[in-house]
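Read the structure below first, then the notes.
Read-outs: derived from the displayed coordinates by stated rules, not from any lab. The structure presented is a predicted model; accordingly, all values stated were derived computationally and were not measured. For neighbour counting, all protein chains shown are included, and Cβ atoms are generated from backbone atoms with ideal geometry for every residue, glycine included.
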There are 2 protein chains.
Amino acid sequence: MTTHLLIGDVARKSGCTPETIRHYERIGLLAKPWRGDNGYRYYTAAAVQQLGFIRRCRALGLELDAIRELIALAGQPEERCESVNELARRHVADLRQRIADLQALADELDASVHRCPGNTIAHCGILESLTPALSDSTPAN
Amino acid sequence: MTTHLLIGDVARKSGCTPETIRHYERIGLLAKPWRGDNGYRYYTAAAVQQLGFIRRCRALGLELDAIRELIALAGQPEERCESVNELARRHVADLRQRIADLQALADELDASVHRCPGNTIAHCGILESLTPALSDSTPAN
DNA sequence: CTTGACCCTGTAACGGTTACAGGGTTGAGG
DNA sequence: CCTCAACCCTGTAACCGTTACAGGGTCAAG
């Protein structure tokens, strides 16, 4: 056990690239591993675990700062997990908001596509819908 | 007419900041305006129009490269507008895909939140769902 | 002893802005 | 005429999360 894993091994096991792993170390997201005399990083299985956690969080769309926060929380097993719940709920709300925004954009552009008679560019409904009225200056701000 | 508009005027009228306008000029998205002896940029109403177009496209989530393409197409009024339609349809498809992805993420995290008994961090269902199994190494790749 | 696969560092790129720092110009009020 | 605020200019670096170099060192097999 505690086999000396090189960064490439950890990369294969965790699904991150060596570059990403070094990056996470630089920004303080991943603990610095033991270094051999040759300067090589030698990892334990815990690092693979940690990176798996980060990867899963990233896959869920969490930002690195949020992940940092989660890692800090995970280090306090006695505490109540309200903060974790709160963070997760906030992220879900964020996602739902972004979904609604994208939905609105998609619908708007879709409508333009359907309105366009498919004529020449000079009469293209899509371009028209994108072009602001000529003498329209934002009146008050 | 053709009043000499300073970059700040154009910014107010178009809704972009002066910094963004200079940026668009640098990357070749916006035509270089006439320059006075003092080095100031002097714009016509056409620039306001152009920037409004860009802003609307950005608001719809189009990338600058796509906008560049649209501007090029808009310069060929005789051509059929199939390319414009194609670009718009591709973008809508892109948006729908991103919506589906985000939806899946939101649902997954939401499920974790609801499954969590709200106990201590040591028993937090959310953190558990984020933590990969211990001896799980990506088997084949 | 060479080859090739790995490791290291440090820096810059991607996209789309935004934010400086360090200067010059203009126009209105005193 | 002087001063002050409000603008303009350029060039560079920051943001986010990676990825991709360049230019080197190390190691194990043949």
Practice task
Within 10 Å of each Cβ in peptide B:48-57, how many partner chain Cβ atoms are there on average? Round it to a whole number, please.
Solution key: 4
Handout entry: Top of B:Ala45, B:Ala111, B:Ala66 by mean-square fluctuation, Gaussian network on chain B, Cα under 10 Å
Key = B:Ala111
Exercise for the section: Please identify the cysteines of the protein assembly as shown that lack any partner cysteine with a Cβ under 4.7 Å from their own Cβ. Expected result: A:Cys16, A:Cys57, A:Cys116, B:Cys16, B:Cys57, B:Cys116
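For B:Arg90 and A:Glu78, what does the FRET efficiency come to when R0 = 30 Å and r is the distance between their Cβ atoms, rounded to the nearest 0.05? Working shown, then result.
Details: r = 52 Å, r/R0 = 1.74.
Here the calculated transfer efficiency is 0.05.
Which of the trypsin sites (Lys or Arg not before Pro) found in the range A:65-132 are in a DSSP loop and have at most 10 neighbouring Cβ atoms, other than their own, within 10 Å?
Working: sites: A:Arg68, A:Arg80, A:Arg89, A:Arg90, A:Arg96, A:Arg98, A:Arg115; in loops: none.
Counting only loop positions with at most 10 other Cβ atoms within 10 Å, none of the trypsin sites (Lys or Arg not before Pro) in the range A:65-132 qualifies.
Which FRET efficiency value, to the nearest 0.05, is calculated for A:Glu63 and B:Arg115 with the Förster distance at 22 angstrom and r the Cβ-Cβ distance? Don't jump to the answer; show the numbers that get you there.
On the way: r = 23 Å, r/R0 = 1.04.
Here the calculated transfer efficiency is 0.45.
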Practice task
Identify which of B:His23, B:His91, B:His114 has the largest mean-square fluctuation in a Gaussian network model of chain B, with springs joining Cα atoms closer than 10 Å.
Solution key: B:His114
Completion exercise
So, in nm and shortest first, the distances from A:Ala59 to its counterparts in the other copies, with label points 7 Å along Cα→Cβ, work out as 3.8
Fill in the blank from the handout: Cross-link reach from A:Lys13 to lysines, straight Cα distance under 30 Å and at least 8 residues apart if same chain, gives A:Lys32
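Is it possible to state the helix-based mean residue ellipticity at 222 nm for the protein assembly as shown, with each DSSP H run of 4+ residues giving -39500 (n - 2.57), the sum divided by total residues, to the nearest 500 deg cm²/dmol? What is it?
-19000 deg cm²/dmol
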Completion exercise
If labels are modelled 7 Å from Cα along the Cβ direction, B:Glu78 lies from its partners in the other copies at nm distances, smallest first, of 8.1
Handout entry: Cα-based radius of gyration of chain A once divided by 2.2 N^0.38 Å, which approximates compact folds
Key = 1.70
Exercise for the section: Could I have the simple spin-label model distance between B:Ala45 and A:His123, label points 7 Å from Cα toward Cβ, reported in nm to one decimal? Expected result: 2.6
Problem - Shortest-first distances to equivalent copies, position B:Gly28, nm, label 7 Å out along Cβ - result: 4.1
Practice task
Look at the axis of the rotation that sends chain A onto chain B, then give the chain A residue with the nearest Cβ and the distance in whole Å.
Solution key: A:Ile99, 3
Completion exercise
The relative contact order of chain A, taking Cα pairs under 8 Å that sit 6 or more residues apart, comes to a percentage of 15
Problem - Selected from B:Leu127, B:Leu30, B:Leu70 as most flexible by GNM, with chain B as the system and alpha-carbon contacts under 10 Å - result: B:Leu127
Fill in the blank from the handout: If R0 = 30 Å, then A:Gln97 and A:Trp34, at their Cβ-Cβ distance, give a FRET efficiency to the nearest 0.05 of 0.10
